[in-house]
Amino acid sequence: MLSVVVLISGSGSNLLALLEAADNPLYPVRVLAVGSDNPAPGLAHAENFGVPTFVVEPGRFESREAWAKALLANVKFMNPDLVVLAGFMKILPAEFVSALSPNLINMHPSLLPDFPGAHAVRDALAANAQVTGSTIHIVDAGVDSGPILAQQSIAIPSGISEGDLHEMIKAVERDQLIDVVREIAEGKINLSERAQ
Ligand code: GRF
């Protein structure tokens, strides 16, 4: 059984998909806790599944480093096998990443290395891209730059809004997340090897 802490910042639809998958005893993953950098609406999903939550807000700390240290202490308290950034919208300092590496993965709504950063869906539309997608990767010291574990492409319908395109991508991301975390649990994806 792979134990997981999930970090979110927003609606937590990907978190919900993972919680629902983990509700099936045949799915080899247990969500130990869910953390956030704000009182995110998605935390309610964890509460509905009886999973503990924690909020560590940057505004309550003197520096980004102090905030990240407190966030890391909360994560480490749970002693998870894996930490999943599922819509966690803050960039984490190198000390946080190296303390958890390679057992720290992120999901991103583009076909990386195209359109990294916080506005991937908007940037793909602004570039008139025909295709975008979803990516899950190991987090490294850069922004959305670590080794890629899974990707799926999605054709962009002409005239689609940013919000509708993001929803299309999230529908793909949810299954991708469930599959990748299962493969890590089953040893089919070896994060130490993939991080080389
Ligand atoms: C997802 O598209 C994820 O890739 C990105 O933020 C979004 C989170 O959506 N980093 P949700 O909060 O899981 O609904």
- Message: Restricting to DSSP H runs of at least four residues, report the calculated mean residue ellipticity at 222 nm for the chain, -39500 (n - 2.57) per run over all residues, nearest 500 deg cm²/dmol.
- Response: -11000 deg cm²/dmol
- Note on the structure: Of the candidates Leu18, Gly42, Val55, the farthest towards the positive dipole end of the chain (Lys/Arg Cβ +1, Asp/Glu Cβ -1, centred on the Cα centre) is Val55
- Message: Cut-off under 21 Å on the C-alpha distance; same-chain residues fewer than 8 positions from Lys188 excluded. Which lysines are left, in chain and number order?
- Response: none
- Between Asp164 and Phe61, what length in nm is gained on full extension when 0.36 nm per residue of separation is reduced by their alpha carbon distance? 33.5 nm
- Would you list which lysines come within 21 Å of Lys76, measuring only between C-alpha atoms, while excluding same-chain residues fewer than 8 positions from it? Lys90
- Query: How long, wide and thick is region 5-74, going by the Cα atoms along their three principal axes, in whole angstroms, largest first?
  - Reply: 44, 21, 17
- Descending semi-axes in Å of the chain, equivalent ellipsoid built from Cα gyration tensor: 25, 19, 17
- Find the accessible area per residue for region 2-194; the probe is 1.4 Å, ligands and nucleic acids are left out, and the unit is Å². 47 Å²
- Could you pull the accessible area for Asp23 with a 1.4 Å probe, rounded to 10 Å²? 110 Å²
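Over the chain, with every protein chain in place, what whole percent of the accessible area is carbon and sulfur at 1.4 Å, could you tell me? Walk me through the intermediate numbers first.
Numbers: 4750 of 9430 Å².
C and S atoms contribute 50 percent here.
The values are calculated or read from the model by the stated rules, or taken from the named source; none is laboratory data. Just so it is clear, the structure is predicted and the values come from calculations on it, not from any experiment. Note: ideal-geometry Cβ built from the backbone for every residue, glycine included; neighbour counts use all protein chains shown. We work out accessible area using only protein heavy atoms, side chains counted, and drop any ligands, DNA or RNA first. Shrake-Rupley method; radii C 1.70, N 1.55, O 1.52, S 1.80 Å.
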